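One structure is given here, and the rest of the page talks about it.
The values are calculated or read from the model by the stated rules, or taken from the named source; none is laboratory data. Since the structure is predicted, the reported quantities are computational estimates derived from the model, not experimental observations. Heads up, the Cβs are rebuilt from the backbone with ideal geometry, glycines too, and the neighbour counts pull from every protein chain shown. With ligands, DNA and RNA removed, areas are computed over all heavy atoms of the protein, side chains included. Shrake-Rupley method; radii C 1.70, N 1.55, O 1.52, S 1.80 Å.
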Amino acid sequence: MRGHPVSRETGRIRVAVVGTGTGVGKTHVSVALVAALAARGDKVCGLKPIESGIDGTSTTDAEQLALVSSVQPEPAPYRFAEPISPHLAARRCGRAISLEVAGAWVDRQPAPLAIVESAGALLSPLGPGLTNADLVRALSPDAVVLVGLDRLGILHEVACCTLALRALAPGLPPAVIVLNPPAAPDASTGTNAGELAALGVASDVVVMPRSAPTAPASLAAAQVALARLALS
């Protein structure tokens, strides 16, 4: 897979948020993290450089992040209307997603602390031979958050994603795992954090409550995640 290093100003902290799949609640977790940081007085912005499904009526993920940011970001470089994979949306617009463009945009944001959310899952495509894993590697984040759903199958998904991160971005710190409650709990819901630890897949897994990302319970869980990220 291709990846290109992205420069960063000294003294800035960057956290990359990726998912084990699509629709697992990355924005929910990212909003909670940004809101928790802003609430304690940090200068922080939530960023989503690549986003599809922008219909002009619904609040976008980037807009949700901007609403809780203490420093407002510029409009993202890649915003596509069609609710499909960004690589396909870009192709249909006659464009190609560039890691250099996305990285330069992240670099330009004035906040010293940035939470950067990817579009789709860790290995979702951004172009030929290019995935979100390449974007994460190119951003050289100080910390990585891997978000999944607390339901059957998550043990495999977390194991696969952590293995992929170790193989594709060995220089990055181990990901902090955050699990969101599924809309329909199953028999495994509530046990997966402990199983991930017992199996040696991941330790200190953070479980989010089923509440709004800015609700007190969500902010408390976000503070726990920030402590795991050494940002508390």
**Report entry** Local net charge near Val145, Cβ-Cβ under 11 Å (Lys/Arg +1, Asp/Glu -1)
**Finding:** +1
Query - Cys160-Thr57 pseudo-label distance in nm [points 7 Å out on the Cα-to-Cβ vector] - result: 3.4
Report summary line: Taking every other residue with Cβ under 12 Å from the Cβ of Asn180 and scoring Lys and Arg +1, Asp and Glu -1, one gets +2
**Report entry** Environment charge of Ala167, counting only residues whose C-beta is closer than 14 Å and scoring Lys/Arg +1, Asp/Glu -1
**Finding:** +1
Report task. Whenever you get a sec, compute what percent of the accessible area on the chain sits on carbon and sulfur atoms (1.4 Å probe). Result -> 58
Requested in this report: Express the relative contact order of the chain as a whole percentage, based on alpha carbon pairs under 8 Å and six or more residues apart in sequence.
Outcome: 26
Report summary line: Hits in segment 152-181: amide N under 19 Å from the 7 Å Cα→Cβ extension of Thr191, namely 152-159, 179-181
Query raised in the report: Where does segment 94-213 land on the Kirkwood hydrodynamic radius, alpha-carbon pairs, in angstrom?
Result: 15.7
Requested in this report: Once you've got the GNM for the chain with C-alpha springs shorter than 10 Å, pick whichever of Gly200, Gly21, Gly171 has the biggest mean-square fluctuation.
Outcome: Gly200
Requested in this report: Whole number in Å², please: accessible area per residue of the chain, 1.4 Å probe, ligands, DNA and RNA not counted.
Outcome: 43
Report summary line: Everything considered on the Cα gyration tensor (a ≥ b ≥ c; rounded for a/c under 1.5, else prolate if a/b is larger than b/c, else oblate), the chain must be described as rounded
Query raised in the report: What order do you get for 113-125, 150-162, 54-66 when each peptide is scored by the mean count of other beta carbon atoms within 10 Å, highest first?
Result: 113-125, 150-162, 54-66
**Report entry** 222 nm mean residue ellipticity, helices alone, for the chain (DSSP H n ≥ 4; -39,500 (n - 2.57); rounded to 500)
**Finding:** -10500 deg cm²/dmol
Requested in this report: Please list 22-29, 175-182, 211-218 highest first by mean number of surrounding beta-carbon atoms within 10 Å per residue.
Outcome: 175-182, 22-29, 211-218
**Report entry** Karplus-derived HN-Hα couplings along segment 96-106 (A = 6.51, B = -1.76, C = 1.60, θ = phi - 60°), whole Hz, x at Gly and Pro
**Finding:** 9, 6, 10, 5, 5, 5, 4, x, 5, 5, 4
Report task. List, in order, the whole-Hz ³J(HN,Hα) value for each residue of segment 12-20 obtained from phi through the Karplus relation with A = 6.51, B = -1.76, C = 1.60 and θ = phi - 60°; use x for Gly and Pro. Result -> 8, 10, 10, 10, 9, 10, 10, x, 6
